[in-house]
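Colleague: Dumping the structure here so I can ask a few things about it.
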Amino acid sequence: QVQVVESGGGLVQPGGSLRLSCAASGTIFKIYDMNWYRQAPGKQRELVAIITSGGSTNYVDSVKGRFTISRDDAKNMVYLQMNSLKPEDTAVYYCNVKERWISYWGQGTQVTVSS
């Protein structure tokens, strides 16, 4: 079993920055993709950023050039650096970790972008 815990959310003004962290712990043999999703009120959950075990990344178009995903395999952690935040980035952000063939989710961390 793998536990996934996000941290780093909060309230930030438009144009500001936040760094989300996600820690995976428990019985871990091999972590493949590590992903960040978000869900805004009244909307479906959407995939924001992906980082593969080989380090390849991909982003939803709305965050390209502003968000950066990275991972530290020694610590089983994944990060999301969010710059130039906009009100439309307001959402609950979820970490998703694929350990072998099983997908694990965290509880989410709230990000609110407002003046």
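FYI, it's all coordinate maths here, none of it is from the lab. Note that the structure is predicted; figures quoted are calculated from it, not measured. Here the Cβ positions follow ideal geometry from the backbone for every residue, glycine too, while neighbour counts run over all protein chains shown.
Colleague: Please count, across segment 17-102, the pairs of lysine residues with Cα atoms under 25 Å apart that sit 8 or more places apart or on different chains.
Modeller: Total qualifying Lys-Lys pairs in segment 17-102 comes to 8.
Colleague: Give the distance, in whole Å, between the Cα centre of segment 78-112 and the Cα centre of segment 1-58.
Modeller: Each part reduced to its Cα centre gives a spacing of 3 Å.
Colleague: Assuming R0 = 30 Å, what is the FRET efficiency of residue 53 and residue 11, from their Cβ-Cβ distance, to the nearest 0.05?
Modeller: The computed FRET efficiency comes out at 0.35.
Colleague: In the chain, if every C-alpha pair distance is counted and binned at 10 Å from zero, what percent goes to each bin?
Modeller: Over the chain, the share of Cα pairs per 10 Å bin runs 15, 50, 29, 7, 0 percent.
Colleague: How much length is gained on full extension from residue 3 to residue 19, taking 0.36 nm per residue of separation minus their Cα-Cα distance?
Modeller: Once the chain is fully extended between residue 3 and residue 19, it gains 3.7 nm.
Colleague: How many nm is it between the label spots at residue 29 and residue 110, if each spot is 7 Å from the Cα in line with the beta carbon?
Modeller: 3.9
Colleague: Quick check: residue separation of residue 74 and residue 45 times 0.36 nm, minus the Cα distance between them. What number comes out in nm?
Modeller: 7.6 nm
Colleague: Pick out which of 60, 97, 48 has the largest mean-square fluctuation in a Gaussian network model of the chain, springs linking Cα atoms closer than 10 Å.
Modeller: 60
Colleague: A follow-up question, please. Taking only the alpha-carbon positions of segment 1-67 and ignoring solvent, what does the Debye formula give for the base-10 log of I(q)/I(0) at q = 0.18, 0.28 Å⁻¹?
Modeller: Ignoring solvent entirely, the Cα scatterers give -0.88, -1.42.
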